[in-house]
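Input: a single structure, listed below in structure tokens.
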Amino acid sequence: DVPVIDVPSLGVPVVDLSAAGLTDTPVLRLMELARRHGPAFVQRLHGHDTLFVSSLDLVTELADERRFTKAVGPALENVREFTGDGLFTAYNDEPNWARAHDILMPAFALGSMRTYHPVMLEVARRLIASWDRHAADGTPVDVPEDMTRMTLDTIGLAGFGFDFGSFRRDEPHPFVASMVRCLDWAMTRLSRDPGLDHRERDEAMRADADYLASVVDEVIAARTATGSTEQRDLLGLMLTATHPGDGTTLDLANIRNQVITFLIAGHETTSGTLAFALHNLVKHPAVLRQVQREVDELWGSRAELAPTFEDVGRLRYTRQVLNETLRLWPAAPGFGREARQATLLGGRIPVHAGQVIGVVIPMLHRDPAWGDNPELFDPARFAPEAEAARSPHAFKPFGTGERACIGRQFALHEATMLLGMLVHRYRLIDHTDYRLALKQSLTIKPNGFTLTLLPRTDRT
Ligand code: HEM
């Protein structure tokens, strides 16, 4: 139990967590605090106060770009230690943000998704070749680990022409372990006891960050060694494109920050989302059957699939399953907003200019706007009529405004295709009767989730 200090002048409950100790899953603690204290509360930690909000009305205000903007708050300040002024952690007014944003946007236009499709399919087939072996010998697959193999290889190849070869390794590429430790450092640093000595952890993080940077150098060297400046993938744009407005290019230090940013942001959350989606499917057989019906209608009983770009757009219900998954467990469970000027939030909460406000996305996604039973997994919530009837601010798994996720379509295309292919091919056996447990390293994943697989025999 954590003490609540009501400070009426702030207009919201203040919860002092300094004595409560660390938690492995800060998102679950924030969700619990929101349930107990309502949609706006201040978390006090070692003398530092942060306002957290989670209701549709307050988030709708925060989404107003005239009053609020992205905050590079304490968590992202920590991430900046290894991603610098890359797109995700750049300050709004840092010239490199707008420059990189404008230069890289074409790589995320619809036409570009078409060019990534064959690579996404190639990597999906690597995963399926590996899962076929498990299906044949009956051994379980580690779902989050294999989703990470798949998404890392995909962003590596599609964005950078670089092959991490994750399915040829017994263990995931060491990039993953170093990245997770860096993200974990960025998260746990938030609740550090200032009285203790943290030098050892800081040095370990530095070593990991140096390793990540060395992988980036390898990725860039592999491209420059080919002498090719033709490719218009992410790396090609970073290395050669000029800004459409002022003709400037990205400098080398910034390119390194962008590469590391995209290698992390481009795979970590998509893999968690896919793992949660598979969890939801095995726990909801009626939904699984509906996805099976959708993919069977599209692909029949063909064993060797060759989904086209257009096919993925036709997997509407599969996409609804992913959206509903992102509602309950948004893989990046928070984002920060910053007030442009002093203002009253909700007409009652005083906020000063520059103040950082955290959005607890999983609780926004359980706002009463979602109906009486928001904990219930129900992809029908994303049927077109239901979506049209709901505020766009009720669903923010990709953040908001001009700093929202640039890779949203990339993630959804990749994840929809893979989920469809897996459901088409396998019976998914929940052999441990898995109970959801989260692993958080800033982002969230289902911890220790394994499945066994059998070939589908019920297709007509
Ligand atoms: C930004 C979530 C996939 C690249 C963001 C933000 C969120 C998010 C919440 C905003 C953060 C903030 O406001 O501070 C997700 C989720 C994904 C996903 C849930 C998968 C399901 C991807 C992919 C890529 C990517 C596949 C790249 C290929 C980025 C970048 C930014 C960003 C570069 C920063 C954009 C900017 O500030 O200009 N993402 N993301 N993300 N994401 Fe994603």
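Using just the C-alpha positions of the stretch 128-189 as equal point scatterers, what log10 of I(q)/I(0) does the Debye formula give at each q in 0.14, 0.15, 0.29 1/Å?
Scattering profile of the stretch 128-189, log10 relative to I(0): -0.48, -0.54, -1.21.
Over the Cα atoms of the stretch 254-358, what Rg and Dmax result, in angstrom?
20.3, 61
Note down the relative contact order for the stretch 1-157 as a percent, whole number, built from C-alpha pairs under 8 angstrom at least six residues apart.
10 percent
With a Förster radius of 45 Å, plug the Cβ-Cβ distance of Ala383 and Leu454 into 1/(1 + (r/R0)^6) and report the FRET value to the nearest 0.05.
Plugging the Cβ-Cβ distance into 1/(1 + (r/R0)^6) gives 0.90.
Would you calculate a helix-derived [θ] at 222 nm for the chain, using -39,500 (n - 2.57) for each DSSP H run of n ≥ 4 and dividing by the full residue count, to the nearest 500? Before the final figure, lay out each step's value.
Numbers: 17 runs with 226 residues, N = 460.
My calculation for the chain gives -15500 deg cm²/dmol from helical runs alone.
7 Å from Cα along Cα→Cβ at both Ala225 and Ala253: what's the point-to-point distance in nm?
2.8 nm
Can you divide the C-alpha Rg of the chain by 2.2 N^0.38 Å and report the result to two decimal places?
Normalised Cα radius of gyration, the chain: 0.98.
Using Cβ counts within 10 Å as a stand-in for footprinting exposure, how do Arg29, Arg168 rank, fewest first?
Sorted ascending by nearby Cβ count, the order is Arg168, Arg29.
Taking 0.36 nm per residue of sequence separation and subtracting the Cα-Cα distance, how much length would be gained by fully extending the chain between Arg66 and Asp163, in nm to one decimal?
30.7 nm
In bins 5 Å wide, starting from 0, what share of all Cα pairs of the stretch 1-122 does each bin hold, as a percent?
2, 9, 13, 15, 15, 14, 12, 9, 6, 4, 2, 0
Net charge around Glu310, counting only other residues with Cβ within less than 13 Å of its Cβ (Lys, Arg = +1; Asp, Glu = -1)?
Neighbour charge sum, excluding Glu310 itself: +2.
Only sites in a loop by DSSP and with at most 10 other Cβ atoms within 10 Å count here; which GluC sites (Glu not before Pro) in the stretch 271-319 make the cut?
Glu304
How would you rank Phe398, Phe164, going from fewest to most other Cβ atoms within 10 Å of each one's own Cβ?
Working: Phe398 19, Phe164 25.
The order, fewest Cβ neighbours first, is Phe398, Phe164.
Among the GluC sites (Glu not before Pro) in the stretch 213-277, which ones are in a DSSP loop with at most 15 other Cβ atoms within 10 Å of the Cβ? Mind listing them?
Glu230
Before anything else, pin down the relative contact order of the stretch 301-412: Cα pairs under 8 Å, at least 6 apart, normalised by residue count, whole percent.
RCO, the stretch 301-412: 28 percent.
Once you put a point 7 Å from the Cα of Arg340 and another 7 Å from the Cα of Ala177, both along the Cβ direction, what distance in nm separates them?
Each label point lies 7 Å from its Cα, and together they span 4.7 nm.
Once you list every other residue whose beta carbon is under 14 Å from the beta carbon of Ala124, what net charge do they have if Lys and Arg are +1 and Asp and Glu are -1?
Summing Lys and Arg as +1 and Asp and Glu as -1 gives -3.
Compute the orientation-averaged projected area for the stretch 210-257 from the convex hull of its Cα atoms and round it to one decimal in nm². Show your work: numbers first, answer last.
Numbers: hull surface 14.1 nm².
If you wrap the Cα atoms of the stretch 210-257 in a convex hull and average its projections, you get 3.5 nm².
Taking every alpha carbon pair in the stretch 6-62, what does the distance histogram look like in 5 angstrom bins from 0, in percent?
All Cα pairs, binned at 5 Å, distribute as 4, 18, 28, 28, 15, 6, 1 percent.
Tell me the label-point distance for the pair Glu402, His101, using the 7 Å Cα-to-Cβ offset, in nm and rounded to one decimal.
So the label points at Glu402 and His101 sit 0.4 nm apart.
Hey, could you grab the Kirkwood Rh for the stretch 403-460? Inverse mean 1/r over distinct alpha carbon pairs, Å, one decimal.
Computed over the stretch 403-460, the radius equals 14.1 Å.
Based on the Cβ-Cβ distance from Thr139 to Thr25, what FRET efficiency comes out when R0 is 30 Å, to the nearest 0.05? Could you put the intermediate results ahead of the total?
Working: r = 29 Å, r/R0 = 0.96.
Approximately 0.55, to the nearest 0.05.
Which of the trypsin sites (Lys or Arg not before Pro) across the stretch 187-242 are loop residues per DSSP, with 11 or fewer other Cβ within 10 Å?
Passing sites in the stretch 187-242 do not exist.
For Lys283, Lys439, Lys445, what's the fewest-to-most ordering of other Cβ within 10 Å of each Cβ?
Values: Lys283 15, Lys439 18, Lys445 28.
Lowest to highest Cβ neighbour count: Lys283, Lys439, Lys445.
Taking every Cα atom in the stretch 82-133, find the radius of gyration and the maximum pairwise distance Dmax, and write them in Å.
Rg, Dmax (Cα atoms, Å): 16.6, 51.
Given the Cα-Cα distance of Arg390 and Glu81 and 0.36 nm per residue of separation, how much length would full extension add, in nm?
107.4 nm
FYI, it's all coordinate maths here, none of it is from the lab. Everything numeric here is computed off the predicted structure, so don't read it as measured data. Virtual Cβ from ideal backbone geometry, glycine too; neighbours counted across all protein chains shown.
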